[in-house]
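Everything on this sheet refers to the single structure shown next.
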Amino acid sequence: MGQRGRRKGSIGIKSKEAILMVAAEEFAEHGFHQTKISTIVKRTGLTQPSFYLYFSGKEAIFQELVHTFRNELINLTKDSRLESSLDNSVLPSNIVSGLIKLFEFFYNHQHLTRIGFYIADESEEIKQAMKEHLTENLLAEQRDNYFREDLDMETVAECIIGAIGRLIIKKLFTNEKSPQQLANEIVDIYFYGLQNRETMH
């Protein structure tokens, strides 16, 4: 046994993972205040003392879920920056690839996304951090002459994050659109604009 009687080995890891998975579902469906430790414990098949081997309380497990979401989201945002010296012909497909990874993360972790992007008090802080990293990416890409130099990239970042936030709920989680479809549509709108291409010449 480790610190505070904490279980070691694969059994302890699986128990903690089970608690986190059930807790994420409960928080996502019922919110923080309506979620009860007793319900989480009952659904995982563990005892209440077992719960406290891993978490000091409801706030602790909620915060771990929020931090997990934030860290993964920020890493994906950072990783989406385009490399320098790319041929312009591959820009759209490279941007699509980065967006697909984001939407796949949201889709594969729907409970976590509802918590970190919408429910948690820190959700605005998380979006702000995402905006800052996305703005850094866009500014670097603007310096690489991938995008128009007259654009305010902070405004662009706000628009993209706002669109993503709506599309997750309205299109992705309803299975109306796949991550691939949403990524393609966002790039089509932001990269090519709304004007009919046949009338652009």
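The values are calculated or read from the model by the stated rules, or taken from the named source; none is laboratory data. Nothing here was measured: the structure is a model prediction, and the numbers come from that model. For neighbour counting, all protein chains shown are included, and Cβ atoms are generated from backbone atoms with ideal geometry for every residue, glycine included. Quick note on the areas: whole protein, heavy atoms, side chains included, nothing else; ligands and nucleic acids left out. Shrake-Rupley method; radii C 1.70, N 1.55, O 1.52, S 1.80 Å.
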**Request:** Might you let me know whether segment 41-59 holds any residue that is outside any loop (DSSP other than H, G, I, E, B), open to solvent by less than 70 Å² (accessible area, probe 1.4 Å) and closer than 29 Å to Arg166 by Cβ?
**Result:** no
**Item:** In segment 11-22, residue surrounded by the most Cβ atoms within 10 Å (Cβ to Cβ) [restricted to those that are touching a Ser or Thr at 6+ places or on another chain (Cβ under 9 Å) and hydrophobic (A, V, I, L, M, F, W, C)]
**Value:** Ile19
**Prompt:** Of all residues in segment 23-36, how many are open to solvent by less than 30 Å² (accessible area, probe 1.4 Å) and farther than 20 Å from Ile169 by Cα?
**Reply:** 2
**Asked** Looking at segment 70-93, which of its residues are part of a helix (DSSP H, G or I) and open to solvent by less than 60 Å² (accessible area, probe 1.4 Å)?
**Response** Leu73, Ile74, Leu76, Thr77, Val90, Leu91, Pro92
**Asked** Looking at this structure, is Glu64 touching a residue at least 40 places away in the same chain (Cβ under 8 Å) and surrounded by 14 or more Cβ atoms within 10 Å (Cβ to Cβ)?
**Response** yes
**Request:** Collect the residues in segment 160-201 that are of a type outside the set (A, V, I, L, M), modelled with pLDDT under 95 and in a helix (DSSP H, G or I), keeping them in residue-number order.
**Result:** Asp188, Tyr190, Phe191, Tyr192, Arg197, Glu198, Thr199
**Prompt:** Counting just the residues of segment 119-170 that are surrounded by 13 or more Cβ atoms within 10 Å (Cβ to Cβ) and of a type in the set (Ser, Thr, Tyr), which one comes out farthest from the chain's Cα centre (by Cα)?
**Reply:** Tyr146
**Asked** With respect to Gly98, is the statement that it is open to solvent by 20 Å² or more (accessible area, probe 1.4 Å) and more than 17 Å from Ser123 (Cβ to Cβ) true?
**Response** no
**Asked** Using beta carbons and a limit of 6 Å, which pairs, at least six apart or on different chains, have the first residue in segment 147-168 and touching a residue at least 24 places away in the same chain (Cβ under 8 Å) and the second one open to solvent by 30 Å² or more (accessible area, probe 1.4 Å)?
**Response** Ile161/Lys127
